[in-house]
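Visitor: My questions all concern the structure below.
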Amino acid sequence: MKPFHFQKFTLQQCSTVFRVGTDGVLLGALCEVEKAKNVLEVGTGSGLISLMIAQRNSQTEILALDINSDAVKLAGENFTNSPYSLRLKTEQMDFKNFEPTEKFDLIVSNPPYFEENQSAKDVTARQQTELSFRNLIIKSAELLADNGLFSVIIPFIEGNSFENMCGENGLFLSRKIRILGRKNAVPKRWILEFGFSSKTIQEVEFTIEESPRKYSAEYLELTKEFHLFKN
């Protein structure tokens with residue numbers, strides 16, 4: 001498969017690991033990283049989100065987990081070949097069984113979001129065969145530092161259920177970004193951020209495309225330090 005080139009790093013890709021996609025780019029660019037020194041990514045795939053966080057905050061150290069050995073190998077190669085290699089580590093691990101010695105300032109994930117089905121495409125990355133939302137939330141609440149943030153991108157339709165499960169585990173919603181694929185379209189995703197303190201919820205809307213194949217001004221601004229846009 002062809003590599004995906006960003007301004008400051010390149011992502012090699014392979015057929016057994018979920019490819020670079022808009023969801024990962026959005027989460028990597030929009031999650032709150034300013035105060036995060038110790039970051040955990042759950043389900044790293046090619047390593048995209050971890051690399052974007054490393055670029056955005058030069059003080060972060062990031063551990064990227066994946067249950068897929070091909071993903072761990074691929075992300076490790078992408079990390080090694082990046083300018084941020086000294087601050088990035090990969091580990092093959094079932095997140096449900098992960099028992100680190102320290103807690104994390106930021107836990108970030110673009111999790112599997114389809115219920116288990118008969119499709120053979122990207123089963124582990126896309127279907128909840130290995131990690132359900134509930135498993136992700138319970139373990140993240142266990143591993144999150146007192147002032148830490150838990151940040152995810154999920155389908156819009158799953159938003160209320162996900163928020164309720166987080167509330168059951170002591171996590172309060174602090175920010176929600178409603179993602180529209182195109183101007184005036186039905187929302188397609190939520191980016192949600194949670195912590196242990198109850199705060200006024202910041203809610204905003206973000207549009208990816210102004211019209212078919214024409215990125216919105218806010219998407220171009222958000223990704224101007226990452227994408228190699230053609231003039």
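The values are calculated or read from the model by the stated rules, or taken from the named source; none is laboratory data. Since we're looking at a predicted model, the values are computed, not measured. Here Cβ is always computed from backbone atoms with ideal geometry, including for glycine, and neighbour counts include all displayed protein chains. These accessible areas exclude ligands, DNA and RNA; they are computed on the full protein's heavy atoms, side chains included. Shrake-Rupley method; radii C 1.70, N 1.55, O 1.52, S 1.80 Å.
Visitor: So, in segment 66-91, exactly how many residues are within 16 Å of residue 53 (Cβ to Cβ), among the hydrophobic types (A, V, I, L, M, F, W, C) and not in a helix (DSSP H, G or I)?
Guide: 1
Visitor: Tally up the residues in segment 152-194 that are touching a Gly at 6+ places or on another chain (Cβ under 6 Å) and within 29 Å of residue 213 (Cα to Cα), please.
Guide: 2
Visitor: Could you count how many residues in segment 63-104 are closer than 21 Å to residue 171 by Cα, in contact with a strand residue (DSSP E or B) (Cβ under 6 Å, 6 or more places away or on another chain) and open to solvent by less than 50 Å² (accessible area, probe 1.4 Å)?
Guide: 2
Visitor: If the Cβ limit is 7 Å and pairs must be 6+ apart or interchain, which residue in segment 163-179 that is touching a residue at least 40 places away in the same chain (Cβ under 8 Å) and within 13 Å of residue 191 (Cβ to Cβ) pairs with which residue that is open to solvent by 50 Å² or more (accessible area, probe 1.4 Å) and assigned to a strand (DSSP E or B)?
Guide: Final answer for the pair search is 175/202; 177/204; 179/188.
Visitor: While we're looking at this one, here's another question. Restricting to segment 33-62, name every residue that is touching a residue at least 40 places away in the same chain (Cβ under 8 Å), closer than 13 Å to residue 105 by Cβ, open to solvent by 10 Å² or more (accessible area, probe 1.4 Å) and not in a loop (DSSP other than H, G, I, E, B).
Guide: Matches in segment 33-62: 38 only.
Visitor: I would also like to ask the following. So in segment 10-21, with the set limited to residues that are out of contact with any Ser or Thr (no Cβ under 7 Å at 6 or more places or on another chain), polar (S, T, N, Q) and in contact (Cβ under 8 Å) with a residue 60 or more places away in the chain, which one is surrounded by the most Cβ atoms within 10 Å (Cβ to Cβ)?
Guide: My answer is 12.
Visitor: Something else about it: Please work out if residue 7 is more than 24 Å from residue 190 (Cα to Cα), open to solvent by 70 Å² or more (accessible area, probe 1.4 Å) and not charged (D, E, K, R).
Guide: Yes: the conditions hold for residue 7.
Visitor: Going by the conditions given, is residue 199 more than 17 Å from residue 42 (Cα to Cα) and at pLDDT below 95?
Guide: Criteria met by residue 199.
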